[in-house]
Structure formats: structure tokens, C-alpha cells
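Taking it in order: structure first as C-alpha cells, then the write-up.
The values are calculated or read from the model by the stated rules, or taken from the named source; none is laboratory data. Here the structure is a predicted model, which is why all the values come from computation and not from measurement. Glycine also receives a Cβ, built like all others from the backbone with ideal geometry; neighbour counts cover every protein chain displayed. When the accessible area is computed, the model is the full protein with side chains, heavy atoms only, and any ligands, DNA or RNA have been set aside. Shrake-Rupley method; radii C 1.70, N 1.55, O 1.52, S 1.80 Å.
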Amino acid sequence: MKREARIKAMQILYTCDFQNIDIQSVIAMEEEPDQLSNSLAKCCYEHMEEIDKIISSTLQNYTLERLNLVDKAIIRLAVSEMLEGKEPRQVIINEALEITKEFSDLGDHKAVSFNNRLLDNIHKTLK
């Protein structure tokens, strides 16, 4: 149940980025609004500047702008949840990697590996 909410929240964040529109506009377009996914997405969206600074400071030889939009949404959501602190970070990272496998990985596991290293480094930075 929580994974589905995370997936939907990731899709909301992706849509905001892809269409360059605010989160309220995306949520207003939803056919079946979900309170948990909307809450996760809103929390992330409201703290996006702080989240992006954390991600950017952790990336090595890479920039936030180079991340594909799906991975960026997955990572942003995971960092948002880590900052919120309601669940163990390892659970959040594992969920993010499962979502990466489903929506971003091309079968070569490069996206999963990249996101895993990045989220692990962010986890260490936030300790």
C-alpha cells in the first residue's frame, strides 16, 4: 500500500518537472486522488530547495540537471522521507530502489546501482 503511494507521489513529482507546473495543478488533474501520495509529494515539493541542495552536494562528478526526471523524482522523494524521519532510512532506500527497478532501470542495473550509491551517501551525510 505504501509503495503504491510512493509510486504515485513520484509520478506527481515527475509530472511537475516534466510539464514545468506546480504541484497543485498536477493534483487537480488526478482522477483518483490519494491522500497519502499527495501528502508525500507535497512535503517533498515544499522542501525541494533543501532537498536539491542535499542531492547536489552529494553527487560526485555529476549534476542534478543531468539526472533523468524519473530518477530525480525517486531520489527527491526518498530524501524527503529521510528528512521527515518517520521510517527507517534503509526501508526508504530499499523502496526507492524497488521503484527504480520498475520505472527507470533498463535491465542493466546501472540506474539501481547509481541511485543506491547516491542514496547511501546521502544517508551517511544526514547522520
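Miscellaneous remarks
- When all protein chains stay in place and ligands, DNA and RNA are ignored, the 1.4 Å accessible-area order of HIS109, HIS47, largest first, is HIS109, HIS47.
- Among ILE93, ILE21, ILE51, residue whose mean-square fluctuation peaks in a GNM of the chain (springs only between Cα atoms under 10 Å): ILE21
- Considering only ALA28, ALA73, ALA41, the Gaussian network model of the chain with Cα springs below 10 Å gives its largest mean-square fluctuation to ALA28.
- The Rg/Rh ratio for the stretch 67-127 is 0.95, where Rg is the radius of gyration of the alpha carbons and Rh is the Kirkwood radius.
- Listed residues MET48, MET29, MET82, most fluctuating in the chain (Gaussian network, C-alpha, under 10 Å): MET29
- If the segment from GLU84 to SER57 were pulled out straight at 0.36 nm per residue, it would be longer than the present Cα-Cα gap by 7.8 nm.
- Between helix 35-46 and the chain: long-axis angle, C-alpha atoms, 0 to 90°, nearest 10: 60
- Degrees, to the nearest 10: 48-58 long Cα axis against longest axis of the chain: 20
- Annotation for LEU126 and GLN35: the two label points, set 7 Å from Cα along the Cα-Cβ direction, are 2.4 nm apart.
- Spatially close Lys pairs in the chain, defined by Cα atoms under 20 Å apart and a spacing of eight or more places or different chains, total 20.
- Across the accessible surface of the chain, with the other protein chains kept in place and a 1.4 Å probe, carbon and sulfur atoms take up 48 percent.
- Note that the stretch 55-127 presents 54 Å² accessible area per residue, ligands and nucleic acids not counted, probe 1.4 Å.
- Where ARG6, ARG89 fall by accessible area, highest first, once all protein chains stay in place (1.4 Å): ARG89, ARG6
- Residue order by solvent-accessible surface for LYS2, LYS127 is LYS127, LYS2, largest first, with ligands and nucleic acids left out and a 1.4 Å probe.
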